[in-house]
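Each remark here refers to the structure printed beneath this line.
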Amino acid sequence: MPTNVASSGIFLDGDWVDPQGEMLQVQDPSTGDVFAEIANGTPAEIDAAVAAARRAADGAWGRMTAVERGRILRRISDLLLENVAMLAELESRDVGKPLSQAKADAEAIARYFEFYAGATDKIHGETIPYQDGYTVYTLREPHGVTAHIIPWNYPLQIIGRSVGAALAMGNAAVLKPAEEASLSSLAFTEIACEAGLPAGALNVVTGIGESAGAALASHAGVDHISFTGSVSVGRLIQASAAENVVPVTLELGGKSPQIVFDDADLDAAMPFLLRAGIQNAGQTCSAASRILIQRTIYDEVVDRLASAYDNLRIGPAPTDPDVGPLISAQQKMLVERLVKEGEGRGNQVVTKSPLNADVPANGFYVRPTLFGNVGGLDPLAQDEIFGPVQIAMPFDTEDEAVSIANGTDFGLVAGVWTRDGARQMRLAKSIRSGQIFVNNYGAGGGVELPFGGIGKSGHGREKGFEALYGFSVLKTIAAYHG
Ligand code: ADP
């Protein structure tokens, strides 16, 4: 499979082209070693990518029937599945992601393409009863050129939910992967090409956010922007979209709670409480970084969590540890600073997982940290940390739990653990969040399940059928025939 993924990052109009700009070094987070290079895309290359996408949207790709489009997406899905091992190895090395998580991500992108392949011919408009003498109906049409600016934490999965859904609706795509982790985007591109995706339907420009990303987000030829990343960059993207008056989908992370009541099945809950915090070393938009625990069981739950933290295996991604390194030296420094500041404000450190002596010295490892008794207004309870850090917060009543859960600027995901059915229903209504999970957390990824936030977690919905509506424009036709 991919041969040149380590040396080129510009894919325009169906071809890999020689990069015009400088090359950027790619580090292996597990060791700190440089192991590949990618191109730092230029505004001219972004221009060319948007132009190629426009030709495809107006040409062969845009005119293709839904059935044919679906068949191509299905071939992409099949080829992705055949290449799960290769993709997992690449993603694991590039992101520092434990191998089994990378494998799950590679399987997930195949599943996204399978889902969206099956959906292409099942999206339709409506007929609307209207005045005498009229026939009125709606059509769902593609936007045209869609921009996809994605982060480094789950590149494969985010390509699946973003590029996959956009292509399914007949849009052309320009993908700008994160500079820290672009390699799986390039491998995916080779696979899509081999599966017969027509030239221009997908174009890829790697490079730095402030240059390549900004050039794409502000490009007047882009009809829709899909962005996953930080709140600060999300604001810039939305400002660019406003300038060009184009729709934008923003997925900006969160400070998601899991709420544990004293009637919960704790044996079922414990693995979720832990995993949702330390999966991908906590570098997950939907990480459950806050654990709200009813006071009557607070000590028991915190003790059990602490012993799980003490037994975590932390190590290089290829050894498939529980927790791998963070993505970069910069992210490691940031997370360690936020933990130190949290300690400095007098917050209780329940435990920090030990690092094995044989962890590579230049890898970007941090010790997973569990804080206890954190107050609702402390920055540890308010700010997204994007590292393996969780806080435990006690509560007494259901009302108090809801008020703490809703007490941040974010609203992406929440988990509720209780056997009381009426309480499950009340919390599902009163918690402000894009997704609520009852007696589970994350539902195993759920390609079919609409996903997105409220508040500073962003807006618009990805995944499931809902994503297809976002990647389409509704046209109303009113025909008068007397
Ligand atoms: P993270 O905090 O996860 O690194 P960022 O928001 O910095 O998230 O990055 C997410 C994506 O946005 C990456 O592809 C990055 O290159 C891109 N990006 C960063 N800055 C900008 C910008 N000013 N304009 C457009 N894209 C950007």
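Just a few scattered comments:
Rundown of residues vs (1) of a type in the set (Val, Ile, Thr); (2) assigned by TED's automatic domain parsing to the domain that holds ALA281; (3) closer than 19 Å to GLN283 by Cα; (4) under 26 Å from the mean Cα position of the chain (by Cα), yes/no style:
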residue: GLN382; (1), (2), (3), (4): no, yes, yes, yes
residue: ILE385; (1), (2), (3), (4): yes, yes, yes, yes
residue: GLU398; (1), (2), (3), (4): no, yes, no, no
residue: ALA401; (1), (2), (3), (4): no, yes, no, no
residue: ASP409; (1), (2), (3), (4): no, yes, yes, yes
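- Tally of residues being assigned to a helix (DSSP H, G or I), in contact (Cβ under 8 Å) with a residue 40 or more places away in the chain and open to solvent by 10 Å² or more (accessible area, probe 1.4 Å) across the stretch 199-232: 4
- Highlighted here are the helices (runs of 4 or more DSSP H) found entirely within the stretch 382-482 that include at least 3 residues which are open to solvent by less than 20 Å² (accessible area, probe 1.4 Å): 464-470.
- Residue tally, condition out of contact with any strand residue (DSSP E or B) (no Cβ under 9 Å at 6 or more places or on another chain) and either small (Gly, Ala, Ser) or not assigned by TED's automatic domain parsing to the domain that holds THR408 (or both), over the stretch 309-331: 1
Here's the yes/no breakdown for (1) open to solvent by less than 10 Å² (accessible area, probe 1.4 Å); (2) modelled with pLDDT of 95 or more; (3) touching a helix residue (DSSP H, G or I) at 6+ places or on another chain (Cβ under 9 Å); (4) farther than 19 Å from ALA166 by Cβ:
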| position | (1), (2), (3), (4) |
| --- | --- |
| THR42 | no, yes, yes, yes |
| ALA49 | yes, yes, yes, no |
| ALA52 | yes, yes, no, no |
| ALA57 | no, yes, no, no |
| TRP61 | yes, yes, yes, no |
| VAL67 | no, yes, yes, no |
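- Residue within the stretch 176-198 that is on the phi > 0 side of the Ramachandran plot, within 15 Å of the ligand (Cβ to nearest atom) and crowded, with 24+ Cβ neighbours inside 10 Å present: no
- Filtering PHE261, PHE272 for residues that are more than 16 Å from the ligand (Cβ to nearest atom) and open to solvent by 20 Å² or more (accessible area, probe 1.4 Å) leaves a single hit, PHE272.
The values are calculated or read from the model by the stated rules, or taken from the named source; none is laboratory data. Not measured: the values here are computed from a predicted model. Reconstructed Cβ throughout: ideal geometry from the backbone, glycine too, with neighbour counts over all protein chains shown. Calculation scope for accessible area: heavy atoms of the full protein, side chains included, ligands and nucleic acids excluded. Shrake-Rupley method; radii C 1.70, N 1.55, O 1.52, S 1.80 Å.
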